[in-house]
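Just below is one structure, and these are the notes that go with it.
The values are calculated or read from the model by the stated rules, or taken from the named source; none is laboratory data. Computed from a predicted model, the values in this text were never measured in an experiment. Counting neighbours? That spans all protein chains shown, and the Cβs are built from the backbone with ideal geometry, glycine included. Just the protein is used for accessible areas: all its heavy atoms, side chains included, with ligands, DNA and RNA removed. Shrake-Rupley method; radii C 1.70, N 1.55, O 1.52, S 1.80 Å.
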Amino acid sequence: MNKPDFLYDRKGPWPQPSPSHPFGEAPAVVHIPKDEQRTWFWNIGFRYIRNVLFYWPKALWMAWKNPTWELIDDEVFCDQIYTTPLAKFLNPNIDDNLQEIFKDQLSKKDSDSTYFVADFSCMKDVVPFKGLYVASTVALMSKAKEESRLKLHAIYIFETKLLLLPEDGDAWYLAKNYAMMGATYRILLSTHPILHFPFDTVNAITKTSLPTSNTIFKLLYPHFQFTLTLNDSVLESSSSPVYNDQKYPFTGFCGPQEGLLTLLESGYAGIEGNSSYPKFKWDVYPTEVYSDYQVYLMEYYQAFKRFTDEVVKKIPANEIEDIKIWATYISQWLPGFPSGEKIMEGDLLSGCLAKIMWDLSVAHATDHHSYGTIPINRLPLRMRVPPPASKKDTFNPKDQAKKLDVFKYALEWKMFFNDYTVTHLVDVDYKFASAELQKVQANFLQDLELIDLHMPVKRYMDLKNISVSIQF
Ligand SMILES: [Fe+2]
């Protein structure tokens, strides 16, 4: 009998406690095969060098033209949350402490509307550089039943214990920019990273523990391209955005790494007693988003699920034992992932596979792309005016930022936040051995095309631009 082939001869990558935050962040993969590192560099790392060398004049021009943060009207504020991935922050569970803060507004509740908090208290441990300010905020919003837009009622600033309302003039505008700054940090460093880092465990364990002929290996492998090196460089490289070393021109965040890492922790370990920040637990279903984004994401998730349902039905019996071992390995690192004893129950395997493939392609790429449609001057990254301490506070909008702040942000946006697809989901080839499974693959790709064509809500990203894996 032939010995099964393993990609790295069973000596491949494996998860371990995160070196920077062993107890607060997802397990990390730090020993990455050299050929994966090289492929990443020529396809992605090299682009960063190109951007630094050639994009800076454009970033400088953007900062010159518009050197501060825009003052945004309530309607723009609401639209910016409702029509982008920032809608992930809408939480209909209003915890007791927030019920108390917003008691006047909630006592006048409109019975036809759902009320949400958008909680940016994760900013509490971010320490700013000298001359910069940070505030943790929470916004109260609502949505009428038949409407596709939000209403903004109030913003609370924890540091100054101040509740601001729409009639509060300058202080209200300042509060909105602090809340939007919280939203920017939360999406970039707390919520979006959940789409990245927990999946490194699945990536490494699949590559190392499954024979390359296993159907699950074939199904997942194309979705792992470039990602281990990308994620490791985000977390561990001294030139990464999270390290935020000010000697580099693309480091726009407001403070040193230690504070920024607390945001990653709030996304994975959660914040005790705060329902907006649950601790990470594996779930086959995507987390619910209270906007049209939910419809967009679920349309694709269901297509992945239809595909994995068909594939799982065709897995040969002699591959099952390896799949159970694979699931057990993952369950030891990812809380809630079904172990080998459970994975073959019901449609659990299919659900897990759909979630993995959907997350690494559609969910991740669209998060970047849709965020990238918001003008950067509406997403403050550094504030040079302190948060309002009274309702009468005034400020000069120009003092909010310096040209350098906008310049660094514009360059960082181009390099790391904007989407830049190298290999596309629509070109995926699972290289299945059987004609039967090749047909299932063809049906899946057709299904994706139909979803893109008939998307019942806004097409947050064109299918043709969606990457097959996490590559930005
Ligand atoms: Fe990303």
Please report the spacing between the Cα centers of region 2-36 and region 307-384 in Å, no decimals.
17 Å
Over region 187-259, average the accessible area per residue using a 1.4 Å probe and give it in Å², no decimals.
24 Å²
Packing-based order for 283-293, 328-338, using average beta carbon neighbours within 10 Å, highest first:
328-338, 283-293
Given the Cα-Cα distance of Lys464 and Asp95 and 0.36 nm per residue of separation, how much length would full extension add, in nm?
128.7 nm
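Given charges of +1 on the Cβ of Lys and Arg and -1 on the Cβ of Asp and Glu, with all other atoms neutral, how large is the dipole of the chain about its Cα centre, in debye to the nearest 20?
Roughly 1180 debye, rounded to the nearest 20.
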Give me the net charge for the shell around Val295: Cβ to Cβ below 12 angstrom, other residues only, Lys and Arg +1, Asp and Glu -1.
-1
Can you show me the helix-derived [θ] at 222 nm for the chain, built from DSSP H runs with n ≥ 4 at -39,500 (n - 2.57) apiece and divided by the number of residues, rounded to the nearest 500.
-12000 deg cm²/dmol
Return the aspartates and glutamates within reach of Lys279: Cα separation strictly under 14 angstrom, same-chain partners fewer than 8 residues apart disregarded; answer none if there are no such residues.
Glu25, Glu265
Degrees, to the nearest 10: 320-331 long Cα axis against longest axis of the chain:
30 degrees
Run the reach check for Lys161 against lysines, Cα to Cα strictly under 21 Å, same-chain hits fewer than 8 apart removed. What comes back?
Lys103, Lys124, Lys176, Lys391, Lys392
Could you tell me how many degrees, from 0 to 90 and to the nearest 10, lie between the Cα long axis of helix 257-268 and the main elongation axis, the longest principal axis, of the Cα atoms of the chain?
60 degrees
First obtain the Kirkwood hydrodynamic radius of the chain from its Cα pairs, then insert it into the Stokes-Einstein equation at 4 °C and 1.567 mPa s, and state the resulting D in µm² per second as a whole number.
55 µm²/s
Cα long-axis angle, helix 198-209 against the chain (0 to 90 degrees, to the nearest 10):
10 degrees
Pseudo-spin-label distance Ala442 to Glu167, built 7 Å along Cα→Cβ, given in nm, is 6.7 nm
Extending each Cα 7 Å along its Cβ direction at Glu319 and Lys34, get the distance between those two points in nm, one decimal.
3.2 nm
Leaving out ligands, DNA and RNA, and with a 1.4 Å probe, what % of the accessible surface on region 1-95 is carbon or sulfur?
59 percent
How about region 111-168: which GluC sites (Glu not before Pro) there are in a DSSP loop, with at most 12 other Cβ atoms within 10 Å of their Cβ?
Glu146, Glu147, Glu167
Just the number please: accessible area per residue for region 62-168, 1.4 Å probe, all protein chains included, in Å².
49 Å²
Can you pull the percent of region 145-282's accessible area that's carbon plus sulfur, 1.4 Å probe, other chains left in place?
53 percent
Two pseudo-spin positions, 7 Å from Cα along C-beta at Arg149 and at Lys403, lie apart in nanometres by 3.7 nm
Roughly how many Å is it from the Cα centre of region 403-472 to that of region 193-228, as a whole number?
17 Å
I want the local charge near Gly131. Using Cβ-Cβ distances under 10 Å, sum +1 for each Lys or Arg and -1 for each Asp or Glu among the other residues.
+4
Three-way shape label, region 428-472, alpha-carbon gyration tensor, a/c 1.5
oblate
Carbon and sulfur atoms: what percent of the 1.4 Å accessible area of region 326-472 do they account for?
53 percent
Run through region 354-423 and list the trypsin sites (Lys or Arg not before Pro) located in a DSSP loop whose Cβ has at most 12 other Cβ atoms within 10 Å.
Lys392
Per residue accessible area in Å² of region 384-472, where ligands, DNA and RNA are left out and the probe is 1.4 Å
48 Å²
Would you mind checking the pairs Lys143/Lys281; Lys324/Lys439; Lys247/Lys403 and listing those with alpha carbons more than 22 angstrom apart?
Lys143/Lys281; Lys324/Lys439
What aspartates and glutamates sit close enough to Lys145 to cross-link, taking a C-alpha to C-alpha distance under 12 Å and skipping anything fewer than 8 places away on the same chain?
Asp110, Asp112
Residue-count net charge about Thr328 - beta-carbon cut-off 12 Å; Lys, Arg +1, Asp, Glu -1
-1
Packing-based order for 311-323, 88-100, using average beta carbon neighbours within 10 Å, highest first:
88-100, 311-323
